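Working notes for the structure below.
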Amino acid sequence: MKVSFPYMGTTVVYKKLLELLGHEVIMPPKPSQHTINLGVKYSPEFACFPLKVIMGSYMQAIEKGAEVMITSGGHGPCRAGFYEQVHSRILKQEGHNVEFIVFNSLFRDYKSFINNVLKIKNKKSWFTVGKSLLLVYDMIKKLDILEKEVERIRAYEVKKGETTKTWEQIQLLFDKANTKKEIKEAFHKGQELLSNIKQTDVESDRKIRIGIVGEIYVVMEPSINMKMEELLGNLGAEVERSQYLSNWISYNALPKFLRKGTHEKQILEKGEKYIPIEIGGHAKLTMGQIVDFSDRGFDGVIHLMPFGCLPELVSQSIVPKVTEELGIPVLTLSIDEQMGVANTLTRIEAFLDLVKGKQAKKIS
Ligand code: SF4
């Protein structure tokens, strides 16, 4: 079957898993203004921004011949759990009959999870399925290690744009890797390429480190967040995101009693003080991650929230209290189809000036 999925972050890994299972993968194009326009045209006006972008992404994948969409579900008091229903109804109204396969946590509903695995298993043996999953997980972990390094060194590159180009090259290397050995080679090659990038020397107390927190889709998909990591890196700041695919998988793929040591569990505990109950989305994680970045001596945090996202609206309302208590500057940016680039850029530059001023004061 011709399968596709929502475009988010390092999509090479989803593609790889489906290819290993023998599917014809229809790659959705990287979200562009056209994707956003399509999504906005067909989605309810009050829907949260990721729903609209994903809507546009599905339409583009269908144009390319996709018949089945594989996506993740959601639970709790947020709209993520309704995405598939809304998307499939709109697509049906527009005359597209595509099947949706929605993966929810194995530990919430193991029956539907197994059913979904059977659907995408594609007559492969369980051994092949297990091997492919492990292979792709290994790939995700290695890509996350390299991406973190990219986000760190971009701030000091001598030749502007070199780190971003190298990162694209690294993703292509992983795209071509199909075995454990080839993934290992791609990883070493990636490390080598990154270590060859010439960097300027900056004294450690002059380095600026900025964390990015917020809802998973706007944090992880650069094409809809003004390439925030790249932007901050080009302005001389090291960056680290709150969300990486490997962390998300290790938290969501493990049973509750094994989650204790995971990164997400620790971050959620740090957010407990500000949001003690589960309010959906990533609000609690956002608060915990701000606390974590503060504990680790980061200089500031950019908080990304999709317009219309209720969980992140709640976290936005708590941000002033956290800033006051922890003394870490936080800039909240609301992201949607109407976001003005010049205006946002000015706000980010002003924010970095503030962070640098604070650092200079500390040094003096
Ligand atoms: S977390 Fe926010 S943006 Fe994401 S689905 Fe829920 S309400 Fe929408």
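A few remarks follow.
- FRET efficiency, 1/(1 + (r/R0)^6) with R0 22 Å, evaluated for ASP205 and GLU278 via beta carbons: 0.05
- Placed amide H near ARG241: partners under 5 Å, 5+ positions off or other chain: ILE212
- Region 135-182 and region 45-103: distance between their alpha carbon centers, rounded to Å: 29
- In terms of Cα atoms, the Rg and Dmax of the chain work out to 20.5, 66 Å.
- In region 2-124, lysine pairs with alpha-carbon atoms under 13 angstrom apart (chain gap of 8 or more, or interchain): 5
- Partners of LYS160 within straight-line reach, counting lysines whose Cα lies under 16 Å from its Cα and excluding those fewer than 8 residues away in the same chain: LYS198, LYS227.
- In this structure, the amide hydrogen of THR332, modeled 1.01 Å from its nitrogen in the peptide plane, lies closer than 5 angstrom to those of HIS303, counting only residues at least 5 positions away or on a different chain.
- Between GLU185 and LYS160, the modelled label-to-label distance comes to 3.7 nm, taking each label 7 Å out from Cα in the direction of the beta carbon.
- Relative to the current alpha-carbon distance between ASN122 and LYS2, full extension at 0.36 nm per residue lengthens the span by 42.0 nm.
- Contour minus Cα-Cα distance for PHE100 and VAL86 (0.36 nm per residue): 3.9 nm
- Computed [θ] at 222 nm, helices only, for the chain once each DSSP H run of length n ≥ 4 contributes -39500 (n - 2.57): -17500 deg cm²/dmol
- For the chain, built as a Gaussian network whose Cα springs stay under 10 Å, the top-fluctuating residue of LEU235, LEU133, LEU326: LEU326
- Relative to the current alpha-carbon distance between GLU168 and ALA360, full extension at 0.36 nm per residue lengthens the span by 65.6 nm.
Throughout, read-outs are computed from the coordinates displayed, never taken from laboratory work. The model shown is predicted, which means the values in this text are computed figures rather than measured ones. Cβ sites come from the backbone with ideal geometry, for glycine too, and all protein chains shown count toward neighbours.
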